[in-house]
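Encoded as structure tokens, the structure appears first; notes follow it.
Only the coordinates and a few stated rules stand behind these numbers; no lab work does. For clarity, every value in this text was computed on a predicted model and none was experimentally measured. Positions of Cβ are backbone-derived with ideal geometry, glycine not excepted, and every protein chain shown enters the neighbour counts.
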Amino acid sequence: MSLRIYNTLSRQKEEFHPLQAGRVHMYVCGPTVYDYPHIGHAKSYISFDVVVRYFRWLGYRVRYVQNITDVGHMLDSGEDRILKGAAREQIEPMELVEKYTAAYFKAMDQLNVLRPDISPRASGHIPEQIELVQKLLENGYAYEVNGSVYFDVSKWPEYGKLSGRKVEEQMAGARLDINEEKRHPADFALWKKAADNHLMQWNSPWGRGFPGWHIECSAMSAKYLGETFDIHGGGMENQFPHHECEIAQSEAASRKPFVRYWMHNNMVLVDGVKMSKSLGNFTTIAEALKKFSGEQVRFFILQSHYRSPVDFSDAAIAAAAQGLERLRNTRIELRKRLTADAHVSADGGRELAERHVQLFRQEMDDDFNTPAAIGRLFDFSRDLNRALAEGAPLGAAVATAFEELYVNVLGLGSEATGPGLDADPFIDLLVSLRNELRQKKEWALADRLRDGLASLGVQIKDGKQGATWSRG
Ligand SMILES: [Zn+2]
């Protein structure tokens, strides 16, 4: 049994073999931090989070790099997204970046998306980007005009190999390009000369300027993952031009293959139309989390394959939440049984667990097929419920197996997400219940509550005014 990944480059599923045994080096294009993250971001980063989690569960050492784009990502109008956001909010560009980077990570934490191992910022890697542009000039793949540097697509016959687009087609389809500096309309900027009043600009061998958007990913992935690495992920819409440009830049500079497996996730649709900021039909993650828990949103997204689009609606998340409830109940019942029955044999149900883990794994090995894997988890849950009802001896092995798939691989089971799930009111309730028990001199039960809370990191202090509690 081996893991197979759909590689956009070959347009087929390929058996996965890492460059270095036991290790996975993976890069995913991160957010441009100029506004609040929406459900489209949730789908993208939850999908790749499960990829990372699955590799780790299989025993690989993963280095996961996801950049923060804080300069150079232009809108179709030619405006820099960060500068536009800074003007909108009348703050410094880096204030804007700080604000929305924090918002992005907060939302990802609520969705239980693990933090990348490295989150490099484009603005923090200007020297690396300049070096790469210099290398491309030296190798003869780029040219400088009036302080800007462009990649010369005519020198790179493989341009289009990822997206399947031909340069001639791009010519025919290109909008009237008013940029007279370019030799060819398909050429793209590596470095742009900055106007005097441009807020983000740096010194370079070509004068004051700023990097083009694509160059950051080439520079930062090479720095942290090597010139050739295992997996590069991103949204389908970034295949062209962004990833095509990344390949051209990286391979023309290093003269080595850039990425071995290209993975692209599909989009979130609203009434059949892509959810996006530019279309104004987006729901921010924070808005969704007012109605649903992070776990529910996460489960809803994982019920579609990463390469399939997902139709977003409150009703669809609510339907997913019902299914999730069934799995949660199984987990709770299983835990109860294990704590209630001290005589269970550790091996009870081991065979059942092994069979279901195997089936789950087969689905995940098929290009991270989470909807099918979740289907297998429902089968597992159904068999567990039957065993629980029949009073069959179930031991730690079966509970561990269920936990691993549910928590470690799918990233579910994180209770502290979303509104209404804050633990404080529950702790207050337990503490007041304990007070009543003490008044009734039910000391044993009161102590059990105190000790139980202490084991969860909540300390109760009894005082003259009654009990108070603190964390830690
Ligand atoms: Zn990128």
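Between SER455 and ALA316, take the C-beta separation as r, use R0 = 35 Å, and let me know the FRET efficiency to the nearest 0.05. Intermediate results must be reported in sequence, preceding the final value.
On the way: r = 38 Å, r/R0 = 1.09.
Efficiency for this residue pair is about 0.35.
May I ask for the equivalent-ellipsoid semi-axes of segment 424-471, computed as the square root of five times each C-alpha gyration tensor eigenvalue and listed largest first in whole Å?
On the way: eigenvalues 48, 29, 18 Å².
Whole-Å semi-axes of the equivalent ellipsoid: 16, 12, 10.
When the Cα atoms of the chain are enclosed in a convex hull and the volume is divided per residue, what value in Å³ results?
Details: hull volume 82.4 nm³, N = 472.
Enclosed volume per residue, from the Cα hull, is 175 Å³.
Is there a pair in LYS13/LYS161; LYS43/LYS277; LYS43/LYS336; LYS135/LYS193; LYS43/LYS274; LYS155/LYS256 whose C-alpha atoms are over 23 Å apart, and which pairs would that be?
Values: LYS13/LYS161 17 Å; LYS43/LYS277 15 Å; LYS43/LYS336 33 Å; LYS135/LYS193 18 Å; LYS43/LYS274 12 Å; LYS155/LYS256 16 Å.
Correct reply: LYS43/LYS336.
Can you give the FRET efficiency for LEU388 and ASP424, using 1/(1 + (r/R0)^6), R0 = 45 Å, r = Cβ-Cβ distance, to the nearest 0.05? Before the final figure, lay out each step's value.
Working: r = 32 Å, r/R0 = 0.71.
Efficiency, from the Cβ-Cβ distance: 0.90.
Express the Stokes-Einstein translational diffusion coefficient of segment 203-361 in µm² s⁻¹, to the nearest whole number, given a Kirkwood radius over alpha-carbon pairs, 25 °C and a viscosity of 0.890 mPa s. Don't jump to the answer; show the numbers that get you there.
Details: Rh = 20.3 Å.
Once the numbers are plugged in, D ends up at 121 µm²/s.
Once you order the gyration tensor axes a ≥ b ≥ c over the Cα atoms, which shape class does segment 311-409 get: rounded for a/c under 1.5, otherwise prolate or oblate by comparing a/b with b/c?
Numbers: a/c = 2.59, a/b = 1.52, b/c = 1.71.
Cα axes put segment 311-409 in the oblate bin.
Compute the convex hull volume of the Cα atoms of segment 1-56, divide it by the residue count, and report the result per residue in Å³ as a whole number. Can you show the working numbers first?
Working: hull volume 6.7 nm³, N = 56.
That works out to 120 Å³ per residue.
Which translational diffusion coefficient, to the nearest whole µm²/s, is obtained for segment 1-152 from the Stokes-Einstein equation, given a Kirkwood hydrodynamic radius over C-alpha pairs, 25 °C and 0.890 mPa s?
Values: Rh = 18.0 Å.
Once the numbers are plugged in, D ends up at 136 µm²/s.
5 Å is the cut-off here: which amide hydrogens, built 1.01 Å from N in the peptide plane, fall below it relative to TYR6, excluding neighbours closer than 5 in sequence?
It is GLU14, by chain and number.
When the chain is fully extended, how far beyond the present Cα-Cα distance does GLU95 get from ARG255, taking 0.36 nm per residue of separation? Don't jump to the answer; show the numbers that get you there.
Working: separation 160, 0.36 × 160 = 57.60 nm, distance 3.83 nm.
Here the segment from GLU95 to ARG255 would lengthen by 53.8 nm.
Please identify the helices of the chain, taking whole runs of DSSP H, that span at least 24 Å along their own axis as judged from the Cα atoms and have a mean Kyte-Doolittle score of 0.0 or higher. Each step should come with its number before you reach the end.
Details: long enough: 39-58 (28 Å, 0.39); 93-110 (26 Å, -0.37); 314-340 (38 Å, -0.33); 370-390 (30 Å, -0.11).
Passing helices, by number: 39-58.
Any chance you could run the full-extension gain for ALA286 through ARG335? It's 0.36 nm times the residue separation minus the Cα-Cα distance, nm to one decimal.
14.5 nm
Rounded to whole Å and sorted largest first, list the principal axis extents of the Cα atoms in segment 108-244.
Principal extents (largest minus smallest coordinate, Cα): 47, 37, 28 Å.
Fully extended, how many nm does the chain gain between ASP366 and ARG183 (0.36 nm per residue separation, minus their Cα-Cα distance)? Mind dumping the intermediate values first?
Values: separation 183, 0.36 × 183 = 65.88 nm, distance 4.43 nm.
Here the segment from ASP366 to ARG183 would lengthen by 61.4 nm.
Can you give the Rg to Rh ratio for segment 4-274, taking only C-alpha atoms and Rh from Kirkwood? If you can, show how the numbers build up before the last one.
On the way: Rg = 18.3 Å, Rh = 19.3 Å.
Rg/Rh: 0.95.
Place a label point 7 angstrom from the Cα of LYS13 along the Cα-to-Cβ direction, then list the residues of segment 367-392 whose backbone nitrogen is under 20 Å away.
Inside the label zone: 367-379.
Note the per residue figure in Å³ for the convex hull of the C-alpha positions in segment 105-158.
On the way: hull volume 8.4 nm³, N = 54.
Enclosed volume per residue, from the Cα hull, is 156 Å³.
Going from the alpha-carbon gyration tensor of segment 342-396, what semi-axes, largest first and in whole Å, does one get by taking the root of 5 times each eigenvalue? Walk me through the numbers before you get to the answer.
Details: eigenvalues 125, 27, 8 Å².
After scaling each eigenvalue by five and taking roots: 25, 12, 6 Å.
Calculate the FRET efficiency for ARG115 and SER308 from the Cβ-Cβ distance with a Förster distance of 22 Å, rounded to the nearest 0.05.
Working: r = 26 Å, r/R0 = 1.20.
Once the sixth-power term is evaluated, E becomes 0.25.
In nanometres, what is the gap between the two model label sites at ASP76 and ALA21, each 7 Å from Cα along Cα-to-Cβ?
5.1
Mind grabbing the base-10 log of I(q)/I(0) for segment 215-288 at q = 0.15, 0.20 Å⁻¹? Debye formula, identical points on the C-alpha positions, no solvent, two decimal places.
Log10 I(q)/I(0), no solvent term: -0.62, -0.84.
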